[in-house]
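Worksheet: the structure to be examined is printed underneath.
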Amino acid sequence: MTKNNGVFLTLEGIDGCGKTTQARILVGNLVSRFGKEAVFWTKEPGGWPGGEKIRELLLEHGMQHPLSELFLFLADRCEHIRREVAPALSSGRIVVCERYIDSTLAYQSWGRGISSEKIEDLFRWCCFPVPDLTFWIDLPPGKAYHRVSRRGSPDRMEEKGQSFLENVREGFLFLSRRDPERIVSLDGNNDIKTIAREIERRVEVFLSP
Ligand code: TYD
């Protein structure tokens, strides 16, 4: 794993936890402070030109074998890092990415049962940069599931049901306890503004000299 010149921020959580809403607020704040050029907002899977094809394979068709699913997420990430994230970081920009390595561990290991050690070996092999700060929005799976089902047709990942999300949440919990310096856990039961303020505060602390 490599060190960044810019700032690499990621947002994580189970489906329906409110990541995109928080990413939008965070990006808005960063843009008004540092200007549009200084900030790069992206997401996984599919955050690069061509990436929508892998995203569609994963989310619309779905993979039957857990390893083909894992390898597609990793292939997507290799391209996303090479084409988008690494250039943004090396030119000193602030990257805000919805979902990243912690999603792979939580979903493919805790959710799909692949060894987390093996997945982390692959991360090292792929030289994925480690985020500077990760915000995990911890919403109870029951609530998240309810939100996602109300949103309309669930994608293949979301179809897996509430017990799958319970396992994924356990994964995020484990990861945030293992790495509390990097992963900030936020109570997803709080209202949007409260969560946004906490994210802003933590980013502020990180950015201050
Ligand atoms: P997405 O639709 O982008 O997020 P949300 O539904 O939370 O707005 O999520 C894509 C799905 O892919 C989501 O269910 C999580 C899953 N995923 C993995 O299983 N592994 C990964 O490495 C990534 C990046 C996502």
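The values are calculated or read from the model by the stated rules, or taken from the named source; none is laboratory data. The shown structure was predicted, so the numbers you read here are calculated from the model rather than taken from an experiment. Quick reminder, even Gly has a Cβ in these numbers, built from the backbone with ideal geometry, and neighbours come from all protein chains shown. Please note that ligands, DNA and RNA were not included when accessible areas were found on the heavy atoms of the full protein model with its side chains. Shrake-Rupley method; radii C 1.70, N 1.55, O 1.52, S 1.80 Å.
Summary of computed values
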read-out	value
For region 7-207: Kirkwood Rh in Å [reciprocal of mean 1/r, alpha carbons]	17.1
The chain, accessible surface, carbon-and-sulfur percent (1.4 angstrom probe)	52
Residue-span extension gain [residue 146 to residue 125] - 0.36 nm each, minus C-alpha spacing	3.8 nm
Partners for residue 193 among lysines (Cα-Cα distance below 23 Å; same-chain residues under 8 apart left out)	19, 36, 43, 143
For region 7-207: accessible area per residue (Å², 1.4 Å)	49
Length released on extending from residue 178 to residue 206, taking residue separation times 0.36 nm less the Cα-Cα span	8.1 nm
Between region 26-80 and region 100-138, the alpha-carbon center distance in angstrom	14
Sum of -39500 (n - 2.57) over DSSP H runs of 4+, divided by residues of the chain (222 nm, nearest 500)	-14500 deg cm²/dmol
Positive-pole candidate from 11, 140, 90, dipole of the chain, charges at beta carbon	90
